[in-house]
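> Questions regarding the structure given below will be posed in turn.
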Amino acid sequence: MAARPIHRLYLPGAIVAAIIAVALAAPLLPLADPVKMEVPARLALPSLGHVLGQDEYGRDVLSRIIWGARASLAVAFFSAICAGLVGTALGLIGGYARGFLEIVTVRSMEAIVCFPPILLALLVVTLMGPGAATLVIALTILYAPGYTRVAFAATLATRGLDYVTAQQALGARPVRILARTILPNVAPPLLVQFSLTVAAAMVLESGLSFLGLGVVPPAPSWGLMIRGARSTMEQAPWLLLWPCLALTGTILTFNQLCDRLRDVLDPRAGSAGAGWLERAAARVWPDASPAAAPSLLRVEGLTIEIETPTARIRPVRDVSLSLAPGETLALVGESGSGKTLTGLALMGLLPPTMEIVTGRVLFVDRGGRARDLVHLPETEMRGLRGDEIAMVFQDPGSSLNPVHRIGDQVAEVIRAHRDLSRAGAAAQAVALLKDVGLPDPEQRSRAYPHELSGGQRQRTMIAAAIANGPRLLIADEPTTALDVTIQAQILDLLAVFKAKSDMGLIFITHNLAVVAEIADRVCVMYAGEIVEEGPVAEVFARPRHPYTAALIASAPEGADAQLAAIPGTVPLPDALPAGCTFAPRCACAAEPCHAAKPAFAEVSPGHASRCFRWKEIA
Amino acid sequence: MTAPLVRAENVSRSFVSHSGWLARRAEVKAVREVDITVGRGEALGVVGESGCGKSTLGRMLLHLLPPTTGRVFFDGHALHDLTPATRRRMRARMQMIFQDPYGSLDPRRRAGDQIADGIMIHGLADPIEARARVADLLQRVGLDPAHGDRLPHEFSGGQRQRIAIARALATKPDFIVADEPVSALDVSVQAQIVTLMAELRSSFGLALLFISHDLHVVRHLCERVVVMYLGRVVEEGDVSEIFSAPAHPYTRALTAATPSIRSRTRSRKAVLSGDLPNPAASPSGCVFHTRCPHAIASCAENIPALRQIAPGWRVACLRDDIVAQHG
């Protein structure tokens with residue numbers, strides 16, 4: 001993970017500091033008197049004595065800008081801070097306590113929002129008379145509700161989180177929970193709110209001064225300067241430019257500073273999100289003609305690389321596997337083993353930050369042609385996806401579109417690849433939903449995803465995946481999010497479909513027991529490599545890699561046996577051990593294991609292991 | 001059974017959900033009329049599928065969620081009757097471990113500070129002593145004491161769960177509710193945490209309410225188990241007895257549906273049909289009758305009471321003949 005980008009604060013921070021320093025130091029600077037008039041030199045152009053020129057009364061503009069900054073900045077900052085303190089406190093209390101206190105704090109603030117802001121400011125100014133202090137009070141009242149609403153919403157979202165409940169469970173007082181747990185976690189949006197408020201307050205201060213309700217002339221403020229310059233806009237337009245530049249420049253740098261401050265305060269800063277579901281630009285490859293055609297799918301030496309700011313890392317290395325029609329291959333491994341990336345790579349759905357650097361994926365299509373999916377142009381790949389190759393994802397909740405009826409979503413998949421009328425596709429969709437065991441399919445096809453249970457959604461996903469009779473189905477943890485009784489139903493459903501067609505199935509999972517049930521062959525992955533491959537029954541009965549053996553031993557089955565946990569954790573792809581990737585955690589590791597990488601070697605026909613010592617552990 | 005430490009008497013909890021602009025008010029009865037007891041130093045497993053109310057029950061035992069009806073006693077005190085301040089003091093003796101190690105730690109505070117929270121809140125030690133205690137706790141949960149200075153995101157899921165366990169142990173509690181503490185972890189790490197919890201449990205003499213959907217894990221860690229379905233306890237008893245010869249049709253379906261590495265063939269006929277009913281519109285009579293292969297007409301009308309079929313073994317099923325077939 002990258003270090004926190006504190007350096008990104010330097011530039012805007014320095015500018016803001018400079019602006020504030022100059023405003024504070026105004027009395028000490030060798031400036032002309034900002035209120036001293038020199039009528040003969042009115043509207044004079046910039047000169048050596050008056051760098052920015054002179055205004056309609058001949059006063060020095062530079063001096064007025066700097067002295068004006070004092071008024072504008074002071075009013076803006078004070079009101080933003082006061083509003084922030086009051087508004088945040090009310091929002092936190094309302095959001096945490098709910099009930100009666102919520103009405104008192106949050107709802108009363110919302111009543112203020114109902115007034116037009118200028119009208120409210122005018123009211124306060126009229127009651128209290130113009131002046132900087134009045135402005136601060138008026139702006140505080142105006143801007144407090146903004147903070148309250150932001151703080152309230154953030155508190156509502158945070159108070160239900162486990163770490164807040166954990167504080168309650170520890171016996172912490174509400175005040176402590178609010179101050180030490182909730183406040184720091186709702187601070188980022190409040191910082192943004194603060195920067196917006198300062199900017200808005202500066203603009204409104206200028207506006208009110210412009211109307212003659214704020215800072216009292218002849219004292220300078222940016223709003224008053226804009227007001228003065230307006231009357232002479234025809235003769236001296238540059239006079240309007242200076243205060244406007246000062247205003248926008250200050251606001252922009254200030255917003256920058258607050259934005260970056262928020263990023264820096266985020267403890268997880270530096271992990272930028274990546275766009276999804278977009279194939280990286282096709283690279284030109286020396287395409288070797290597919291020599292021996294596989295029966296359905298053969299992956300040869302697949303290696304995936306991610307470019308990070310610091311290094312190029314390879315989360316999947318040298319993965320080779322093959323699949324025959326009607327066969328089920330399980331890819332099993334823990335998180336970080338690269339099993340999901342391998343599945344996405346087969347679909348050509350790697351995120352754009354990743355690319356396949358070596359390897360081939362040979363797939364035999366319906367016409368019997370072997371095609372290399374790695375080098376296939378995106379348009380042809382799109383033709384295969386959803387048609388000959390389909391995928392089912394782990395979370396059925398987020399992989400169905402929430403705003404479309406499920407029947408339409410299944411019909412969509414059919415129409416994308418078949419020339420079929422809307423009604424024909426709809427009828428087929430209903431038939432498919434019936435096949436996957438959705439109760440009352442005619443009615444249910446008109447339901448939206450949120451109206452279905454998790455198991456029903458996964459059935460729908462499977463219906464969409466098998467809609468065009470794919471030759472290859474990749475299922476990525478399709479039952480992990482489901483309850484065991486529902487998982488049993490889905491596994492049975494997949495087994496029934498496999499029996500009816502010669503579809504090949506790649507089943508990605510972390511659950512060994514599920515593998516035992518559904519798969520013919522299994523590939524055990526660890527830290528980006530396949531460490532063992534073979535027929536399920538044989539691998540489970542006689543594992544030939546210490547990792548597989550340890551995984552089986554650590555499954556909490558059996559009545560009495562002590563659980564054999566694997567010490568340590570999976571190495572990160574940017575910090576792989578020099579020798580065998582499993583050596584640091586391996587109970588059987590010897591000298592050579594730490595020095596060199598073992599080759600993936602056959603231990604018996606159809607059963608291979610990546611271990612130097614497989615004979616000894618057998 | 002050992003002397004009771006925590007006792008829930010007939011507790012129920014319902015949630016009222018306002019479903020958006022249609023303004024329908026639906027009452028979801030998450031937990032209904034549950035009686036359970038956890039003895040001193042005893043580990044009680046609570047097993048069931050999503051929506052069965054097991055997490056709600058766990059939170060009620062700690063009074064993090066007050067029960068709608070019924071009472072919870074901790075060491076003889078009715079939690080509901082205590083003043084908030086007394087209850088807060090009592091919290092030093094009962095703690096919680098959450099499912100999601102990513103959500104249960106404050107992302108902005110150092111691991112060591114979070115572990116020390118309980119000690120500081122209850123004034124159990126001065127800051128210097130607290131630091132030493134935190135270092136000791138980190139060591140006991142298998143982490144490097146120097147790592148107390150790190151932020152949560154610098155740890156892996158398993159390590160975070162160790163931190164959460166250290167935080168729960170900091171006040172030397174008598175009772176811990178662990179809500180699916182290993183479900184979010186990888187298999188190999190799961191085994192580490194289960195082993196750690198078993199170890200710590202015996203060395204600290206903890207009573208444990210271990211909530212899980214994984215029968216195998218419960219079997220490893222607990223002496224007794226409660227099986228829940230849609231807010232009700234359907235079976236309760238000794239772990240090994242129940243899992244080797246489940247008496248309630250739901251427990252049977254649950255054990256049959258759980259795949260196993262060792263036996264490749266799950267009995268296909270035991271697969272339950274249908275989905276879990278919506279808890280807002282739960283079935284009349286026995287909550288399980290809509291999916292039960294043995295349901296008869298009276299199951300839809302009468303709510304079966306828990307009744308004893310052997311010492312310490314209770315089942316809620318109307319079909320005596322089916323229950324009698326167990327084992």
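The values are calculated or read from the model by the stated rules, or taken from the named source; none is laboratory data. Quick caveat: nothing in here was measured; it's all calculated off a predicted structure. In this analysis, Cβ positions are derived from the backbone assuming ideal geometry, glycine residues included, and neighbour counts consider all displayed protein chains. When the accessible area is computed, the model is the full protein with side chains, heavy atoms only, and any ligands, DNA or RNA have been set aside. Shrake-Rupley method; radii C 1.70, N 1.55, O 1.52, S 1.80 Å.
> Over all Cα pairs of region A:416-506, how is the pair count split among 10 Å bins, expressed in % and running from 0 up to the last occupied bin?
15, 48, 33, 4
> For chain A, which DSSP H helices look membrane-span-like by this rule: Cα extent along the axis of 27 Å or more and mean Kyte-Doolittle of at least -1.0?
Helices meeting the criterion: A:61-97, A:132-159, A:183-210, A:238-265.
> Using the alpha-carbon centroid of each, what span in Å lies between region A:570-599 and region A:44-79?
Between the Cα centre of region A:570-599 and that of region A:44-79, the gap is 69 Å.
> Further, regarding this structure: Please list the equivalent ellipsoid semi-axes of region A:36-118, computed as the square roots of five times the alpha-carbon gyration tensor eigenvalues, in descending order and whole angstrom.
Each semi-axis is √(5λ); the values are 48, 13, 7 Å.
> For chain A, what is the charge dipole size about the Cα centre, in debye to the nearest 20, if Lys and Arg each add +1 at the Cβ and Asp and Glu each add -1 at the Cβ?
In debye, rounded to 20, chain A gives about 1120.
> Further question on the same structure: Ratio of alpha-carbon Rg to the 2.2 N^0.38 Å globular estimate for region A:522-618, to two decimals, please.
For region A:522-618, the normalised Cα radius of gyration is 1.05.
> Please work out the Cα convex hull volume for the protein assembly as shown and give it in Å³ per residue.
For the protein assembly as shown, the hull spanned by Cα atoms encloses 230 Å³ per residue.
> Calculate the translational D of region A:88-215 in whole µm² s⁻¹ from Stokes-Einstein, where the hydrodynamic radius comes from the Kirkwood formula applied to all Cα pairs, the temperature is 4 °C and the viscosity 1.567 mPa s.
Stokes-Einstein gives a translational diffusion coefficient of 82 µm²/s.
> Rounded to the nearest 10 degrees, what's the angle between the helix B:157-169 long axis and the longest principal axis of chain B, both from Cα atoms, 0 to 90?
80 degrees
> Which whole number gives the average count of other chain Cβ atoms within 10 Å of the Cβ atoms across peptide B:114-127?
Neighbouring Cβ atoms belonging to other protein chains average 2 per residue here.
> Kirkwood Rh, Cα Rg: Rg to Rh for region A:144-191?
On the Cα set of region A:144-191, Rg over Rh gives 0.99.
> Over region A:217-257, with a single point scatterer placed on each C-alpha, what log10 of the ratio I(q)/I(0) does the Debye formula yield at q = 0.16, 0.22 1/Å?
-0.44, -0.69
> Out of all DSSP beta bridges with both ends in chain A, state the antiparallel percent to the nearest 5.
Bridges in chain A are about 60 percent antiparallel.
> A further question on this structure: Post the alpha-carbon centroid distance, region A:454-494 to region A:130-179, in whole angstrom.
Here the answer is 44 Å between Cα centres.
> Based on alpha-carbon positions alone, could you give the equivalent ellipsoid semi-axes of region A:317-400 from the gyration tensor, as √(5λ), descending, whole Å?
Sorted largest first and rounded, they come to 20, 16, 16 Å.
> I'd like to compare A:404-411, A:528-535, A:458-465, A:346-353: which one has the highest average count of other Cβ atoms within 10 Å, and what's the full order after that?
Descending packing order for the listed peptides: A:458-465, A:528-535, A:404-411, A:346-353.
> Another question about this same structure. For peptide A:168-180, what's the mean number of Cβ atoms from other chains within 10 Å of each residue's Cβ?
6
> Take every residue in peptide B:249-260, count the Cβ atoms of other chains within 10 Å of its Cβ, and give the average of those counts.
Mean partner shielding for this stretch: 4.
> How much of the DSSP beta bridge set in region B:117-264 is antiparallel, as a percent to the nearest 5?
The answer is about 55 percent antiparallel.
> Suppose all protein chains stay in the model; what accessible area per residue would a 1.4 Å probe give for chain A, in Å²?
It amounts to 44 Å² per residue over chain A.
> When ranked by the protection proxy of mean other Cβ atoms within 10 Å per residue, highest first, what sequence do the peptides A:211-224, A:433-446 form?
Answer by packing, highest mean first, reads A:211-224, A:433-446.
> Helix B:187-204 against the longest principal axis of chain B: what's the angle in degrees, Cα atoms only, rounded to the nearest 10?
70 degrees
> Let's test the formula: R0 of 51 Å, r as the Cβ-Cβ distance of B:SER202 and A:ALA599. What FRET efficiency results, to the nearest 0.05?
0.70
> Give me the percent of the accessible area of the protein assembly as shown that comes from carbon and sulfur atoms, probe 1.4 Å, all protein chains in place.
Roughly 59 percent, rounded to a whole number.
> Let me ask something additional. Separation of region B:43-62 and region A:424-443 by C-alpha centroid, Å?
37 Å
> Right, another one. If contacts are Cα pairs under 8 angstrom and at least 6 residues apart, what is the relative contact order of region A:463-518 in percent?
47 percent
> So for chain B, averaging the separation of alpha carbon pairs under 8 Å that are six or more residues apart and normalising by length, what relative contact order in percent results?
19 percent.
> Which residues belonging to region B:164-189 lose at least 40 Å² of 1.4 Å-probe accessible area when the assembly is complete, relative to their chain isolated?
Residues shielded by partner chains are B:ARG167, B:ASP186, B:VAL187, B:SER188.
> Let me ask another. Chains B and A: what accessible area do they bury, summed, in square angstrom to the nearest 100, with a 1.4 Å probe?
5500 Å²
> OK, next. How long are the semi-axes of the equivalent ellipsoid of region A:439-582, defined as square roots of 5 times the Cα gyration tensor eigenvalues? Whole Å, largest first.
Three semi-axes, in Å: 33, 17, 16.
> Let me ask another. Amide H to amide H under 5 Å from A:HIS607: which residues, 5+ apart in sequence or cross-chain, H placed 1.01 Å off N in plane?
Amide H to amide H, under 5 Å and 5 or more residues apart or across chains, A:HIS607 pairs with nothing.
> Using the per-residue mean of other Cβ atoms lying within 10 Å as a proxy for protection, in what order, highest first, do the peptides B:173-182, B:286-295 fall?
Those peptides, ordered most packed to least, come out B:173-182, B:286-295.
> Which of the lysines could a cross-linker span from A:LYS615 if the Cα-Cα distance has to be under 20 Å and same-chain partners fewer than 8 positions apart are dropped?
A:LYS597
> If you don't mind, there's one more thing I want to ask. Below 17 Å, Cα to Cα, which aspartates and glutamates can B:LYS172 reach? Residues fewer than 8 away in the same chain don't count.
B:GLU42, B:ASP75, B:ASP113, B:ASP117, B:ASP126, B:GLU129, B:ASP136, B:GLU199
> Let me ask you something else. Write down the accessible area per residue of region B:199-268 in Å², having rolled a 1.4 Å probe over the full set of protein chains.
30 Å²
> List the aspartates and glutamates whose Cα sits under 13 Å from the Cα of A:LYS500, skipping any in the same chain fewer than 8 residues away.
Straight-line reach from A:LYS500, under 13 Å: A:GLU327, A:ASP435, A:ASP492.
> Using unit Cβ charges (K, R positive; D, E negative) and no other charged atoms, how large, in debye to the nearest 20, is the dipole of region A:451-569 about its Cα centre?
In debye, rounded to 20, region A:451-569 gives about 300.
> Shape call for chain B from the C-alpha gyration tensor, a ≥ b ≥ c root eigenvalues: rounded (a/c under 1.5), prolate (a/b greater than b/c) or oblate?
prolate
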